[in-house]
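These notes concern the structure reproduced below.
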Amino acid sequence: AQSVAQPEDQVNVAEGNPLTVKCTYSVSGNPYLFWYVQYPNRGLQFLLKYITGDNLVKGSYGFEAEFNKSQTSFHLKKPSALVSDSALYFCAVRLSNAGNNRKLIWGLGTSLAVNP
Amino acid sequence: DTAVSQTPKYLVTQMGNDKSIKCEQNLGHDTMYWYKQDSKKFLKIMFSYNNKELIINETVPNRFSPKSPDKAHLNLHINSLELGDSAVYFCASSHPPEGIEQFFGPGTRLTVL
């Protein structure tokens with residue numbers, strides 16, 4: 001069965017420090033991988049995706065993520081955290097050959113708190 | 001211009017009532033979704049339509065019925081509301097294969113008393 005794990009419920013980091021939000025996945029084929037961010041009382045916003053090609057993908061607001069096939073991971077990173085990055089982050093996966101089944105499998109979310 | 005919009009933003013109602021939530025997208029996407037996010041922020045897909053055709057129908061009570069009058073609209077009707085239906089409901093859209101990421105609406109917070 002396909003699944004996504006975000007092993008940390010909460011990540012705390014000081015402003016200006018690098019941040020990492022972890023995601024691992026389990027699928028039976030080639031994955032499409034996504035990161036979304038949810039600010040308080042808002043809808044989810046797309047940050048970045050991995051489809052194919054370069055394992056390091058860059059997204060919105062200075063975020064990037066690295067696809068690691070051997071470790072089945074897709075960790076979200078940012079070199080220097082801002083207080084405004086404080087939000088809930090979701091990792092999601094879909095099979096590349098899903099055809100008409102476009103369902104995303106979602107992680108449970110990681111709450112990021114950036115302290116001034 | 002709001003890409004994916006939902007109405008109402010807040011909905012407070014009594015148990016047993018019937019209510020609807022509306023969603024519209026002006027992105028020209030052909031696929032739309034309904035999600036439920038509970039109080040612990042767990043996100044669960046409920047339904048998906050592609051060009052007005054139902055393609056994802058997760059295990060949800062049949063009190064929930066989606067309707068897509070055209071590919072820009074996907075409404076959610078809920079009959080006989082229960083306390084456990086209280087949640088935030090998100091609509092989303094996408095346009096595969098060119099763009100497979102989903103664009104979310106602002107959410108509708110449903111409170112059943």
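The values are calculated or read from the model by the stated rules, or taken from the named source; none is laboratory data. A quick note: this is a predicted structure, and the numbers were derived from the prediction, not measured. Note: ideal-geometry Cβ built from the backbone for every residue, glycine included; neighbour counts use all protein chains shown.
Within the option set A:L56, A:L76, being closer than 17 Å to A:N17 by Cβ, under 13 Å from the mean Cα position of the chain (by Cα) and among the aliphatic types (A, V, I, L, M) holds for one residue only, A:L76. Take the conditions (1) of a type in the set (D, E, K, R); (2) within 30 Å of B:K52 (Cα to Cα); (3) not in a strand (DSSP E or B); A:R94 misses just one of them, which is (3).
Determine whether the stretch B:98-105 contains at least one residue that is more than 30 Å from A:Q10 (Cα to Cα), touching a strand residue (DSSP E or B) at 6+ places or on another chain (Cβ under 7 Å) and not basic (K, R). Within the stretch B:98-105 (the criterion being more than 30 Å from A:Q10 (Cα to Cα), touching a strand residue (DSSP E or B) at 6+ places or on another chain (Cβ under 7 Å) and not basic (K, R)), the answer is no, since none of the residues qualifies. Any residue that is at pLDDT below 95, over 15 Å from B:Q37 (Cα atoms), touching a Leu at 6+ places or on another chain (Cβ under 7 Å) and more than 14 Å from chain A (Cβ to nearest Cβ) - is there at least one of those in the stretch B:68-88? Yes. Scanning the stretch B:22-49 for residues being part of a loop (DSSP other than H, G, I, E, B), within 12 Å of chain A (Cβ to nearest Cβ) and farther than 18 Å from B:F64 by Cα gives a total of 5. Only one of the numbered conditions (1) touching a residue at least 60 places away in the same chain (Cβ under 8 Å); (2) assigned to a strand (DSSP E or B); (3) more than 12 Å from the chain's Cα centre (by Cα) is not met by B:L54, and that is (1).
Here are A:G59, A:G29: which of them is surrounded by fewer than 16 Cβ atoms within 10 Å (Cβ to Cβ), out of contact with any helix residue (DSSP H, G or I) (no Cβ under 9 Å at 6 or more places or on another chain) and not aliphatic (A, V, I, L, M)?
Working: A:G59 fails: surrounded by fewer than 16 Cβ atoms within 10 Å (Cβ to Cβ).
Only one candidate passes the filter, namely A:G29.
Selection of the stretch B:84-113 for residues being assigned to a loop (DSSP other than H, G, I, E, B) and of a type in the set (D, E) yields only B:E98.
Looking only at residues that are farther than 12 Å from A:A92 by Cβ and not in a loop (DSSP other than H, G, I, E, B) in the stretch A:12-36, which one is farthest from the other protein chains (Cβ to nearest Cβ)? The selected residue is A:A14. Only one of the numbered conditions (1) among the hydroxyl-bearing types (S, T, Y); (2) within 14 Å of chain B (Cβ to nearest Cβ); (3) out of contact with any Leu (no Cβ under 8 Å at 6 or more places or on another chain); (4) not in a loop (DSSP other than H, G, I, E, B) is not met by A:T52, and that is (4).
Of all residues in the stretch B:72-83, which are assigned to a loop (DSSP other than H, G, I, E, B) and under 30 Å from A:Y89 (Cβ atoms)?
The initial filter retains those residues of the stretch B:72-83 that are assigned to a loop (DSSP other than H, G, I, E, B), namely B:72, B:79-82.
Within the stretch B:72-83, just B:A72 meets the criteria.
With the requirement that a residue be buried (at least 19 other Cβ atoms within 10 Å of the Cβ), in contact with a Phe, Trp or Tyr (Cβ under 9 Å, 6 or more places away or on another chain) and in contact (Cβ under 8 Å) with a residue 60 or more places away in the chain, what does the stretch B:57-89 give you? Within the stretch B:57-89, B:I78, B:Y89 meet the criteria.
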